[in-house]
Amino acid sequence: MAEQRLDTVRLQRIAKSFWESAALMSAVELGMFTAIANGADAVDSAAEAVGIEPVNAERLLTVLTAMELVERHGDRFVNAPDVARFLVEGERSYAGPWMLFAKPRWDAWGKLTEHLRVPKNAQRVLGMYDDTFTVDRAREYHTATFSIGMGAARRFHRQVDLAGRRRIMDLGGGSGCYCIVAAEKYPDLSAVVLDLPPVVVVTSEYLARAGVSDRVTARACDFTRDSLPSDADVAIMASNLPQYSREIIGAVVARVHDALLPGGEFHLIGEMLDADKRGPLGPALWGLSEAVSHSTGLAHSVTECIGYLQAAGFRDIEAHDFIPETLTRVVGRK
């Protein structure tokens, strides 16, 4: 049997993968997927709908077809099922802002080598949350996270039964998605979202918009060092795990354990590596992104997260696949 010859195809694809990101982001910004859903499903009609030249519409649609984001049927295009659900404006599950979330950091990733050379003494506990993180930046940031966070929150409350629980503390809860859905589902449940001062201004706006401000509040709190509420029987920390070092996460988990009421439960939901740390790619990249922010954070494995809860004194610890290849949920009880 002849030995397979190696080539550079895979390496070239990875090296140019930012081209694919650019095509997706441009399609979202232009509203190409929305135009197709609304019937502008040929090159000329799509070009007119999004305001570009037909030749550029053809170029973009050709790439979107090759990326399997749209399907081509003769001269007509149809959105792929996931695109139709998440990237058509006006749909309840529209996640366009989240797809554009990374674009402001585009240039910074281009300087990754320089970021990786930053010494330890120049790293910050919260890399992106420096003195320039204003209310306006928080509002822009959470416009993106809210678009995807509500879907995650609904999934959480389909998986986890909080009937009989009285109060949630949500650590780094941002726009408050998990608490908003909880308040909608459980009329007797109250909650507090703990986040940094610029963020809680924005959190309060989302809570008011959802009509749950009477039972869900936002409190300025650096949960790595400030006191935590002592009246909660549920704690949630979701989608901010890689922002912190192992030492900080271990300490936060211990502080949550001490603050929870007896019998309370803690759900740590994050971008976790598998036990062998060979992937998934998504959590690994989130860990690498902390280098761009000059943060002390990194990717944590599911085994490490279970260990944090065990060391803090939690019992009945379980790990659940929350969003495949993306998020894992580790739960423990006090």
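The values are calculated or read from the model by the stated rules, or taken from the named source; none is laboratory data. Since this is a predicted model, take the numbers as computed values, not measurements. Cβ coordinates were reconstructed from backbone atoms using ideal geometry, including for glycine residues, and neighbour counts include every protein chain displayed.
Out of Pro54, Pro81, report the one residue that is in the same structural domain as Glu20 (by TED's automatic domain parsing) and loosely packed, with under 14 Cβ neighbours inside 10 Å. Write out each step before concluding.
Working: Pro54 fails: loosely packed, with under 14 Cβ neighbours inside 10 Å.
One residue alone meets the criteria, Pro81.
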Practice task
Look at region 184-211 and say how many of its residues are of a type outside the set (A, V, I, L, M, F, W, C) and part of a loop (DSSP other than H, G, I, E, B).
Solution key: 4
Exercise for the section: Quickly run through region 282-318 and pick out the residues that are in contact (Cβ under 8 Å) with a residue 24 or more places away in the chain, of a type in the set (A, V, I, L, M) and over 16 Å from Val125 (Cα atoms). Expected result: Val302, Ile306, Leu309, Ala311, Ala312
Practice task
Would you be able to say whether some residue in region 258-266 is hydrophobic (A, V, I, L, M, F, W, C), in contact with a Ser or Thr (Cβ under 8 Å, 6 or more places away or on another chain) and at pLDDT 95 or above?
Solution key: yes
Practice task
Return a yes/no flag: does region 167-177 have any residue that is farther than 14 Å from Asn240 by Cα and surrounded by fewer than 22 Cβ atoms within 10 Å (Cβ to Cβ).
Solution key: yes
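For the structure I just gave you, tell me whether Met25 is surrounded by 15 or more Cβ atoms within 10 Å (Cβ to Cβ), of a type in the set (A, V, I, L, M, F, W, C), within 20 Å of the chain's Cα centre (by Cα) and at pLDDT below 95. Please lay out each step first, then the result.
Working: surrounded by 15 or more Cβ atoms within 10 Å (Cβ to Cβ): yes; of a type in the set (A, V, I, L, M, F, W, C): yes; within 20 Å of the chain's Cα centre (by Cα): yes; at pLDDT below 95: no.
Answer is no for this residue.
Any residue at all in region 256-276 that is over 25 Å from His157 (Cα atoms) and not acidic (Asp, Glu)? Spell out the reasoning first.
So the first thing to find is which residues in region 256-276 are over 25 Å from His157 (Cα atoms), and the list is 275-276.
After this cut, where a residue has to be not acidic (Asp, Glu) as well, the list is 275.
Yes, region 256-276 has at least one match.
So which residues in region 96-118 are within 15 Å of Glu29 (Cα to Cα) and part of a helix (DSSP H, G or I)? It would help to see each step written out before you state the result.
We begin by selecting, within region 96-118, every residue within 15 Å of Glu29 (Cα to Cα); these are 96-104.
Residues satisfying the conditions are Gly96, Pro97, Trp98, Met99, Lys103, Pro104.
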Problem - Residue check, Asp258 surrounded by fewer than 20 Cβ atoms within 10 Å (Cβ to Cβ), part of a loop (DSSP other than H, G, I, E, B) and not basic (Lys, Arg) - result: no
Exercise for the section: May I ask you to list the residues in region 281-330 that are surrounded by fewer than 19 Cβ atoms within 10 Å (Cβ to Cβ), more than 16 Å from the chain's Cα centre (by Cα) and assigned to a strand (DSSP E or B)? Expected result: Ser301, Arg315, Asp316, Ile317, Glu318, Ala319, His320
Exercise for the section: Please state which one of Glu48, Glu3 is at pLDDT 95 or above and either over 22 Å from Val78 (Cα atoms) or part of a helix (DSSP H, G or I) (or both). Expected result: Glu48
